[in-house]
Amino acid sequence: MNKPGLPVSTMSLKLPTDGGGTKIYRLAASRVFPAKLQSPLNRVAFSAAHVVADPLADVDPWLSAAVDWDRTIAFREHIWDLGLGVAEAMDTAQRGMGLDWATSLELITRSVNAARARGNALVFSGAGTDHLAVEAADKIDDVIRAYEEQIAAIEKVGGRIILMASRALARLGRDADDYANVYHRVLSQVREPVIIHWLGDMFDPALANYWGTSDLDVAMDTAVDIINANATKVDGIKVSLLDKQREIDMRRRLDKRIKMYTGDDFNYAELIAGDEHGFSHALLGIFDAIAPAASFALSRLAAGDAAAFHDVLGPTVPLSRHIFKAPTRFYKTGVVFMAYLNGHQDHFTMVGGQESARSTLHLAKLFRLADEAGLFADPELATRRMKAVLAVRGIEA
């Protein structure tokens, strides 16, 4: 990685400002992170990876998902090279938000096969109930059967399970007993320990009142009771509530065999670093966008160099908070935009047409924050591509 003291970059571009104006922005000196893991990690870290759309497919993006499979798997190879695991077919991949179950299963199958070809690289895959229309679910047993179907399909191709939150269960589940019934039944059948995902309604409004209540303290009690009662079937839990203290409180209550995977894209650096009582592992959408920096920072933490860890990862937090700002469910746009700027795909086109979900001002601020954190692998390419996007949106270079 480049050391401080380098001159500022000579590259610049015109970016929009609040109020309808523009201003010349000059890029900072770049930081170069290794393209492959340099030394062992002491945290388990997953990137929830996005899918690369096929921009030339003759489909209606709002209705059909067309995936560029070669680029999509190549991006997972990039993640594995950096020593990170892939959390497959999650909300970052627009699961249930443009990516249906049939396409998700094909994605999971291809990803598991690619991981096997690399000597069983780390990949867990999302099992949910999204093939069951919420309005078609009449009773709790419908939810259980839907989970069972997806788990069986993933295990058949050799996949490990991330048990995703269910929109159907959020609608039907009346209390803690309903949730306990579903999770006890489903967990009793899994082949290997799973990661449970508690996804907050800021990421998916249809998941409001998950665990049978709007009271998050009561919801946590229910979740902890279910998880600890099934400790031999649970590898860990990913908490996506954007509330660091709640995550800390929960991890201290978990059975010691169970990992806490932070899903807090606002406070991940301090949660991963931890304190005298423990730390969180990571399963993060932002690690898709900042994978080289995350890998290097985690390797420094494992080497006992906490200062270097915070020096690298700390500056990425403002970018992540911007990408995941409300409406949080549109964070996928920023993640894919970063992949485009960094050359992992040749276009800024998304499943479901979600490239339109954020404003030009939002993308401009994303560019500045990414640059300030030293996250552009090729600043010249990133600048050229930013200019192209701005031109389409009415701002000429």
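Kindly establish whether residue 120 is open to solvent by 50 Å² or more (accessible area, probe 1.4 Å), of a type in the set (S, T, N, Q) and free of Cβ contacts under 8 Å to residues at least 12 places away in the same chain.
Here the answer is yes, as residue 120 does meet what is asked.
Among the residues of segment 300-319, is there at least one that is open to solvent by 10 Å² or more (accessible area, probe 1.4 Å), over 29 Å from residue 52 (Cβ atoms) and basic (Lys, Arg)?
Within segment 300-319 (the criterion being open to solvent by 10 Å² or more (accessible area, probe 1.4 Å), over 29 Å from residue 52 (Cβ atoms) and basic (Lys, Arg)), the answer is yes, since at least one residue qualifies.
Right, residue 266: under 22 Å from residue 78 (Cβ atoms), surrounded by fewer than 22 Cβ atoms within 10 Å (Cβ to Cβ), in contact with a Lys or Arg (Cβ under 7 Å, 6 or more places away or on another chain) and of a type in the set (Phe, Trp, Tyr) or not?
No; evaluated as a whole, the condition is false for this residue.
β-branched (Val, Ile, Thr), within 20 Å of the chain's Cα centre (by Cα) and either part of a helix (DSSP H, G or I) or within 18 Å of residue 147 (Cβ to Cβ) (or both): is that true of residue 237 in this structure?
yes
Of the residues that sit in segment 128-143 and are open to solvent by less than 40 Å² (accessible area, probe 1.4 Å) and assigned to a helix (DSSP H, G or I), which one is nearest to residue 194 (Cα to Cα)?
The qualifying residue nearest to residue 194 (Cα to Cα) is 143.
Could you check segment 60-104 and list, in sequence order, the residues that are touching a Gly at 6+ places or on another chain (Cβ under 8 Å) and among the charged types (D, E, K, R)?
Within segment 60-104, 88, 91, 95 meet the criteria.
Are any residues in segment 44-73 farther than 23 Å from residue 237 by Cα and open to solvent by less than 10 Å² (accessible area, probe 1.4 Å), and if so, which ones?
51, 52, 53, 72
Only one of these conditions is not met by residue 370: (1) surrounded by 18 or more Cβ atoms within 10 Å (Cβ to Cβ); (2) closer than 28 Å to residue 60 by Cα. Which number is it?
Going through (1) surrounded by 18 or more Cβ atoms within 10 Å (Cβ to Cβ); (2) closer than 28 Å to residue 60 by Cα one by one, residue 370 breaks only (2).
Mind listing whichever residues of segment 182-216 are open to solvent by 60 Å² or more (accessible area, probe 1.4 Å) and of a type outside the set (A, V, I, L, M, F, W, C)?
184, 185, 188, 189, 191, 192, 201, 205, 209, 214, 215
Within the bounds of segment 381-395, is there any residue that is at pLDDT below 95, open to solvent by 30 Å² or more (accessible area, probe 1.4 Å), not in a helix (DSSP H, G or I) and not hydroxyl-bearing (Ser, Thr, Tyr)?
Yes.
The values are calculated or read from the model by the stated rules, or taken from the named source; none is laboratory data. Here the structure is a predicted model, which means the values were calculated and not measured. Don't worry about glycine lacking a Cβ; one is built from the backbone with ideal geometry, like all the others, and counts go over all protein chains shown. Just so you know, the surface numbers come from the protein's heavy atoms only, side chains and all, with ligands and any DNA or RNA stripped out. Shrake-Rupley method; radii C 1.70, N 1.55, O 1.52, S 1.80 Å.
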